[in-house]
1. How would you rank Thr60, Thr172, Thr359, Thr238, going from fewest to most other Cβ atoms within 10 Å of each one's own Cβ?
2. Only helices at least 24 Å long along their own axis, judged from Cα atoms, and with Kyte-Doolittle mean hydropathy of 0.0 or greater: name those in the chain from DSSP H.
3. Quick check: residue separation of Ala317 and Leu174 times 0.36 nm, minus the Cα distance between them. What number comes out in nm?
4. Assuming a ≥ b ≥ c are the square roots of the Cα gyration tensor eigenvalues, decide whether the range 259-349 counts as rounded (a/c under 1.5), prolate (otherwise, with a/b larger than b/c) or oblate.
5. Whole Å is fine, so just give me how far the alpha carbon centre of the range 2-31 lies from that of the range 156-225.
6. Using 0.36 nm per residue, how much length does the chain from Glu362 to Arg111 gain when fully extended, once their Cα-Cα distance is taken away?
7. Cα centroids of the range 44-104 and the range 300-366: how far apart, whole angstrom?
8. Go through 145-156, 97-108, 307-318 and give me the packing order, highest mean Cβ count within 10 Å leading.
Amino acid sequence: MDHAGRRDRLRAVAGGAGLDAVLVTNLLNVRYLTGFTGSNGALLLRADSDDVFGTDGRYTTQAGVQVPDLELLVDRSTVSALATRAAHLGTGRLGYESHDVTVDGLHALERVLGEAAGGGAVPELVSIRRAVETLRAIKDGDEVEALRRACTVADRALAELAAEGALRPGRTELDVGRELDARMLQLGAEAPSFETIVATGANSAVPHHRPDATVLRDGDLLKLDFGATVDGYHSDMTRTLVLGHATDWQQEVYALVAASQAAGRAALAVGAEVAAVDAAARDVIVAAGHGEHFTHGLGHGVGLEIHEAPGISALGAGTLAAGMAVTVEPGVYLPGHGGVRIEDTLIVADGEPELLTLTSKELLVL
Ligand code: ZN
Ligand code: ZN
């Protein structure tokens, strides 16, 4: 992964904002910019000089392997030590991640900077807001490759369980969820992307139902929302199946959600407003009289987090750009009855988006 290139992109943002340095404390942002995967690390990124990576003594060896290209500062009070360094370097305007620092943390930073300045000019703290998250929204080639592999693991896990007859009446939601998770681990996932959703019968009408002891029954819908994490990158896919045979209403709702999902995918284009993408999919469901049964946004970005920028919803702002990894996941939920959601992970591109979750979207009757 091109961590130096990412740091240079943040450096350009910092320079444009008139910052002399940026203190990056969000751990995933630190990972994105340095490759460090431990539980404590921070980065002092400098506008026109060498960067400093900080961690504590537990991670000295790991930092040497994962972040060999940066000066290493080892201190139990990692963030304070980096702030002290910034002050000693004569930093005038110091960027920080206001969404990551607590109120107590901010007070501590102000105190440390004042002490380190020793009566001289105290560095001015300036929020960079979500500058790193904004960079993270556009994936580079290595990130797309990790997402591809994560999606492939999920595709294969579902295909294997379906072929083995693991999704059948008499089993419980918990049985199926545990087997999906175990199969993804066998196929190379570091972990499931999130708590796997297995929802059958009336439970399928609950968008984020937690799997329980409910038994799969003939004629019921079975909604599976799951993903694999590979190299820190998350896949996200939902498929809804039917056990035994599909009734007319199940087929109708499925066809409606599939049409909505196709419209949403077709609207994924460079420069498209996220609210317009949501509308493209939502209008199909509203026109069929089910608007009130589609109770969430259309999709979200995926990457080092399962939910990250950009959000794709009616209230969302901003436009899509090439290289964004997003989900498209409309649903129709009929309370007490059942629900259908279909979700893919895709990469926005000039021309057609690249579909990463390749499991068929034909209604599968098992
Ligand atoms: Zn999902
Ligand atoms: Zn999702």
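1. On the way: Thr60 11, Thr172 16, Thr359 19, Thr238 25.
By the 10 Å Cβ count, ascending, the order reads Thr60, Thr172, Thr359, Thr238.
2. Values: long enough: 141-163 (33 Å, 0.12); 248-266 (27 Å, -0.13).
Long hydrophobic helices here: 141-163.
3. Length difference between fully extended and current span is 47.7 nm.
4. It is prolate, given that a/c is not under 1.5 and a/b is the larger ratio.
5. Answer, in whole Å: 40.
6. Separation in residues times 0.36 nm, less the Cα-Cα distance, equals 84.3 nm.
7. Cα centroid of the range 44-104 versus Cα centroid of the range 300-366: 36 Å apart.
8. Listed from highest to lowest mean packing, they are 145-156, 307-318, 97-108.
Here, each number is a calculation from the coordinates, and none is a lab measurement. Predicted, not measured: the structure shown is a model, and the values here were computed from it. Ideal geometry is used to build each Cβ from the backbone, glycine not excepted, and the neighbour counts take in all protein chains shown.
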